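Inspection log for the structure reproduced underneath, given as structure tokens.
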Amino acid sequence: MNAMNAATTSNVETQATVPLTVVDVQRTADTIALITLRTQDGQALPGYEPGCHIDAHLTTEAGEPITRQYSLFTMSPTGNEQGLYGVEVTREHFAYGGAAAMYRLEPGDTLRISALRNNFPLAKGASRSILVGAGVGIAPIFSLARGLALADATFRVIYFASSAEKAVLSHLIEEYCADRTRNVFASGAREQQADIVRDAIREHGGDPETTHLYVCGPQGFMDGVIEVAGETLPARNIHWEAFRPTEVALAGNQCADGAFEIEFRGMSMEVPEGKSVLDVLEEEDLPIMSQCAEGTCGTCVMRVVEGTPDHRDSVFTEDQHEQGAFATCVSRSLSPTLVLERWRNALA
Ligand code: FES
């Protein structure tokens, strides 16, 4: 995992679930759906911020309840009014256990959501922003772009897609960010992507200290963009969001490395192969709040007091890891024992 995510974390939680009505579903290339949702009172969703995501409460075909995260963007014409929001769903997510129910939604259905939270907020004080999205990673990028457009900020969107047909949000980006968009289709070559991003960063000779870059897409793509951005911009100005768990996190979920011990509140517990720290704490009746169980939301954070963690999340920054942040749902240990305590402060 590239550890250059400089985005800060702000949590905007709503405890109860909120019903949203599906008002439109556009499916493209038989793999992607753009779903438009409306609040049932037609009012703005409390806590909505550009870059935030929802926890969608779904039921699998086998009848199992499942929660999955989706980036949320406003679909209201002039901002946050009318209670209209969009999410983008791709069949790629099916392999990770959850989006089939989301993809099958039809107009008139109800989707219950909870816990609006934002791991990808806009930085304050930017003189300009460069937003880079690939594939389904364009959804949080579009959410940020709407926020910047509504604030009349200076920004540029670069949208990489394998074909015009699969660039499912391009009509929205062109509508709301018309003169600030560069769509790039069928562009898989890393060198070409690097040149396009490099040119955008150098455009107008912007001040690197106040230029911020945001990227979302497949991990390899993000790593390439982050590397190019790092040639010019300070690491704190480079923000990325994983839209699905990293492969390391998935491996951790499915076949964890060997056992290790944790100590918490004076108790020692073994974390065996195939179980997470979160699982073990729950079994010992020491529950920790959690949401995604994939290392992407940060809810299950605890602090490492002693020991050497093996970080497998894709949510915490390098600085946050250094402060002791540990995602109990996926991360493991390189030392025989980890001493943990509850995380008491807001993540900086
Ligand atoms: S529950 Fe989301 S990071 Fe652990």
Within region 238-256, which residues are surrounded by 14 or more Cβ atoms within 10 Å (Cβ to Cβ), modelled with pLDDT under 90 and either in contact with a Leu (Cβ under 8 Å, 6 or more places away or on another chain) or not aromatic (Phe, Trp, Tyr) (or both)? Glu241, Ala242, Arg244, Pro245, Thr246, Val248, Ala249, Leu250, Ala251, Gly252, Asn253, Ala256
Just give me the residues in region 316-329 being away from the ligand (no atom under 14 Å from the Cβ) and not charged (D, E, K, R), in sequence order. Gln323, Gly324
Got at least one residue in region 28-42 being touching a Pro at 6+ places or on another chain (Cβ under 7 Å) and modelled with pLDDT of 90 or more? yes
Quick check, is Gly42 under 22 Å from Glu294 (Cβ atoms) and in a loop (DSSP other than H, G, I, E, B)? no
Here are some conditions: (1) within 14 Å of the ligand (Cβ to nearest atom); (2) more than 25 Å from Ser114 (Cβ to Cβ). Asp313 meets all but one. Which one does it not meet? (2)
Could you list all residues from region 294-316 that are among the β-branched types (Val, Ile, Thr) and under 14 Å from Trp240 (Cα atoms)? Thr296, Val315
Need pairs with beta-carbon distance below 8 Å; first residue at negative phi and within 11 Å of the ligand (Cβ to nearest atom) and within region 269-298, second among the β-branched types (Val, Ile, Thr) and modelled with pLDDT of 90 or more; sequence gap 6+ or separate chains. Ser276/Thr328; Val277/Ile262; Val277/Val271; Val277/Thr328; Leu278/Thr328; Ile288/Thr328; Ser290/Thr328
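Table: residues versus (1) under 18 Å from Ser143 (Cα atoms); (2) surrounded by fewer than 21 Cβ atoms within 10 Å (Cβ to Cβ).
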| residue | (1), (2) |
| --- | --- |
| Arg27 | no, yes |
| Arg38 | yes, yes |
| Pro50 | yes, no |
| Pro77 | yes, yes |
In region 276-328, which residues are surrounded by fewer than 17 Cβ atoms within 10 Å (Cβ to Cβ), among the aliphatic types (A, V, I, L, M) and touching a strand residue (DSSP E or B) at 6+ places or on another chain (Cβ under 7 Å)? Leu286, Val305
Please determine, by comparing only the residues of region 156-180 that are of a type in the set (Lys, Arg) and outside any helix (DSSP H, G or I), which one is surrounded by the most Cβ atoms within 10 Å (Cβ to Cβ). Arg156
Note on Tyr103: of the conditions (1) modelled with pLDDT of 90 or more; (2) surrounded by fewer than 22 Cβ atoms within 10 Å (Cβ to Cβ); (3) within 26 Å of Val315 (Cβ to Cβ), unmet is (1)
From the option list Gly224, Gly220, single residue qualifying as of a type in the set (Gly, Ala, Ser), at pLDDT 75 or above and either touching a Phe, Trp or Tyr at 6+ places or on another chain (Cβ under 8 Å) or in a helix (DSSP H, G or I) (or both) is Gly224
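The values are calculated or read from the model by the stated rules, or taken from the named source; none is laboratory data. Treat the numbers as computed from the prediction; the structure is a model and nothing was measured. Note that each Cβ is placed from the backbone with ideal geometry, even for glycine, and that neighbours are counted across all protein chains shown.
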